Amino acid sequence: MNDHRRNYALLFMDTVLFVNAMTFLSVNAVITYFLATLGADTFEIGLVNALVSIGSFVSQPFFAKKVMNLSHKAKTFVKILFIQRIIFLAFVLTIPLIAESHPKLMVVLFLVCWAVFNLFVGSYGPFFMSLFAKFVAERARGRLRGFSNGAGSFLALGSSALCGVILSEVPYPYNYTLIFAIGVVLLLLDVLTFVLMKEIEPDAVTKVDFNYFQYFKAIPAMFREFKAYGRTVIGFSFTVAAQADWRITRFMRCGCLRPAARTSHCSRPLRDWPTLRAAFSSAFWRTASGIGPFL
């Protein structure tokens with residue numbers, strides 16, 4: 001297998017592994033239900049979704065500057081991903097030790113580790129897109145993204161069902177420990193795909209020396225120049241806000257956020273899978289979006 005086909009196949013596997021890993025670490029279902037079981041309040045549950053956007057937003061200028069000063073990016077990206085995922089794995093290992101005896105401490109510890117995890121997410125865009133553009137010919141990029149997202153999302157249907165089985169069959173808190181551990185293991189396997197990629201030709205290095213605040217000062221001018229992109233960002237912002245509100249409302253309806261229900265177990269039976277409907281439907285629509293362009 002030549003380097004081109006090798007990198008193409010590994011990028012395909014990267015998307016498949018990442019989509020399934022994030023099903024086990026689903027903000028819309030598993031994580032929210034975990035925090036509700038711990039007795040987290042509405043602010044803490046809403047903060048989880050906000051940290052996804054805030055973490056990547058505040059760290060992205062640093063990673064963007066780093067990328068532009070590197071001729072070879074894969075090795076540095078591997079180190080960043082490995083550190084991110086090992087830190088979160090360390091958190092997962094604390095769940096059996098703290099969740100039952102100190103639920104409030106567990107909520108705080110999760111929010112801190114989740115914030116750190118999402119600070120590293122800021123590296124995804126600059127590093128991944130640079131490698132993707134380098135390894136995949138322009139005419140093949142849409143096909144690769146579509147098929148890999150479609151395949152990953154199809155398999156995620158099974159992953160979401162497995163989450164339900166683990167939640168209902170494995171006692172608390174080991175059920176969440178196992179679910180999060182599976183997600184982190186898949187993310188570590190995802191790191192391996194970048195280790196195996198062959199980055200031979202160096203990129204042209206653009207030496208830049210903008211500071212952190214200059215990056216943000218340039219954003220309004222960019223929106224004025226690229227109005228369609230500005231509208232896309234605004235629309236995404238509303239989507240993020242809507243997701244946080246929807247998550248809180250749904251868990252209040254199922255009784256998981258009412259004061260009387262703030263015990264070690266939710267008032268609604270796990271076998272009804274109320275928290276997994278969102279993950280299952282999300283995987284379904286991701287599958288449809290992946291195969292839609294090819295119909």
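The values are calculated or read from the model by the stated rules, or taken from the named source; none is laboratory data. Model, not experiment: these values are computed from the prediction. When we count neighbours, we look across all protein chains shown, and the Cβ atoms used for this are built from the backbone with ideal geometry, even at glycine.
I need every pair where a residue in the range 197-210 that is closer than 15 Å to MET129 by Cα has its Cβ under 6 Å from the Cβ of a residue that is modelled with pLDDT under 75 and of a type in the set (Val, Ile, Thr), sequence separation at least 6 or different chains.
Matching pairs, first to second residue: none at all.
Taking the condition more than 18 Å from GLY55 (Cβ to Cβ), in contact with a Leu (Cβ under 8 Å, 6 or more places away or on another chain) and surrounded by fewer than 21 Cβ atoms within 10 Å (Cβ to Cβ), does LEU196 pass?
Values: more than 18 Å from GLY55 (Cβ to Cβ): yes; in contact with a Leu (Cβ under 8 Å, 6 or more places away or on another chain): yes; surrounded by fewer than 21 Cβ atoms within 10 Å (Cβ to Cβ): yes.
For LEU196, the condition - more than 18 Å from GLY55 (Cβ to Cβ), in contact with a Leu (Cβ under 8 Å, 6 or more places away or on another chain) and surrounded by fewer than 21 Cβ atoms within 10 Å (Cβ to Cβ) - is met.
Among what's in the range 13-49 and is modelled with pLDDT under 85 and assigned to a helix (DSSP H, G or I), pick the residue that is nearest to PHE120 (Cα to Cα).
It comes out as ASN49.
Determine whether the range 59-76 contains at least one residue that is of a type in the set (A, V, I, L, M), touching a residue at least 40 places away in the same chain (Cβ under 8 Å), part of a helix (DSSP H, G or I) and within 20 Å of ALA181 (Cβ to Cβ). Walk me through how you get there before you give the answer.
Our first condition is that a residue be of a type in the set (A, V, I, L, M); within the range 59-76, this holds for 64, 67-68, 70, 74.
Narrowing further to those that are touching a residue at least 40 places away in the same chain (Cβ under 8 Å): 64, 67-68, 70, 74.
If we keep only those that are part of a helix (DSSP H, G or I) too, we end up with 64, 67-68, 74.
Those still in the list that are within 20 Å of ALA181 (Cβ to Cβ) too: none.
Checking the range 59-76: not a single residue is of a type in the set (A, V, I, L, M), touching a residue at least 40 places away in the same chain (Cβ under 8 Å), part of a helix (DSSP H, G or I) and within 20 Å of ALA181 (Cβ to Cβ).
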